[in-house]
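A quick write-up on the structure given underneath.
The values are calculated or read from the model by the stated rules, or taken from the named source; none is laboratory data. Keep in mind the model is a prediction, meaning the values are calculated, not measured. Cβ sites come from the backbone with ideal geometry, for glycine too, and all protein chains shown count toward neighbours. Ligands, DNA and RNA are stripped out before the accessible areas are found, and what is left, the full protein with its side chains, is counted by its heavy atoms. Shrake-Rupley method; radii C 1.70, N 1.55, O 1.52, S 1.80 Å.
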Amino acid sequence: EPEVTQTPSHQVTQMGQEVILRCVPISNHLYFYWYRQILGQKVEFLVSFYNNEISEKSEIFDDQFSVERPDGSNFTLKIRSTKLEDSAMYFCASTRLSSQTYNEQFFGPGTRLTVL
Amino acid sequence: SQQGEEDPQALSIQEGENATMNCSYKTSINNLQWYRQNSGRGLVHLILIRSNEREKHSGRLRVTLDTSKKSSSLLITASRAADTASYFCATDAIETGRRALTFGSGTRLQVQP
């Protein structure tokens, strides 16, 4: 069964460094998402991406964050200058159709980002 | 309560018993989904129920939705030790442009063998 994959599974970085988290959504999916989950807290939406542009974003998704679909299969989340509070599990998700009623989102296994 | 709040926060049962988890939300929705998360792992999609549906089944899972009460329940029948995980509900309002999911705090289910 097709699934969303994410790399790396764990990323450790120093505060102020740039990180790129990578995702390969399910191949025939059209909508892509990034969510994060700080340890012990709720899963929070960051951004959605459709037709090569941002569709929605939350207040968390500030200028330090950017997303890109560089090659038609990968979907990346870049954090330009990491802060301690960016430490979290980052999940990528994708949805098959762009219809108004279908929104079953399938999640990847996550990347655990630790900022020291 | 916030959008997508589950109760109880924690539930401990014996293998073979049924587990019921509830979710409440505040704003109008189009879809409500339930996810499972094993400790420190990814989110596994369990079931989606649309706002015009009242009940849905998938294997040992039964989900109900009451839009008048803005609540949903997830029933796991004949639980197994492998069902031990956290369970989250997540809602969207896709017809008003909110495709992003709003998650609840989750219910931690412990199934004792």
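Which of the residues spanning the range B:95-108 are within 12 Å of A:N103 (Cα to Cα) and surrounded by fewer than 20 Cβ atoms within 10 Å (Cβ to Cβ)? Hits for the range B:95-108 are B:E95, B:G97, B:R98.
Check the range B:26-36 and report whether any residue there is crowded, with 17+ Cβ neighbours inside 10 Å, touching a Cys at 6+ places or on another chain (Cβ under 7 Å) and at positive phi. Scanning the range B:26-36, I find no residue that is crowded, with 17+ Cβ neighbours inside 10 Å, touching a Cys at 6+ places or on another chain (Cβ under 7 Å) and at positive phi, so the answer is no.
Filtering B:L109, B:L101 for residues that are within 13 Å of chain A (Cβ to nearest Cβ) and of a type in the set (A, V, I, L, M, F, W, C) leaves a single hit, B:L101. Taking the stated definitions as given, is B:T64 under 13 Å from the mean Cα position of the chain (by Cα) and free of Cβ contacts under 8 Å to residues at least 60 places away in the same chain? It is true that B:T64 is under 13 Å from the mean Cα position of the chain (by Cα) and free of Cβ contacts under 8 Å to residues at least 60 places away in the same chain.
Within the range A:64-76, the residues that satisfy the criterion of being assigned to a loop (DSSP other than H, G, I, E, B) and touching a residue at least 12 places away in the same chain (Cβ under 8 Å) are A:Q64, A:R69, A:S73, A:N74. Test A:Q105 against the criterion of being open to solvent by 10 Å² or more (accessible area, probe 1.4 Å) and touching a residue at least 12 places away in the same chain (Cβ under 8 Å), and give yes or no. No, not satisfied.
Look through the range A:1-27, keep the residues that are in contact with a strand residue (DSSP E or B) (Cβ under 9 Å, 6 or more places away or on another chain) and hydroxyl-bearing (S, T, Y), and return whichever of them is least open to solvent (accessible area, probe 1.4 Å). Checking each candidate, the answer is A:T13. Take the conditions (1) under 30 Å from A:A88 (Cα atoms); (2) assigned to a strand (DSSP E or B); (3) not basic (K, R); B:A82 misses just one of them, which is (2).
For the structure I just gave you, tell me whether A:E44 is within 12 Å of chain B (Cβ to nearest Cβ) and either assigned to a strand (DSSP E or B) or in contact (Cβ under 8 Å) with a residue 12 or more places away in the chain (or both). Judged against the criteria, A:E44 is a match.
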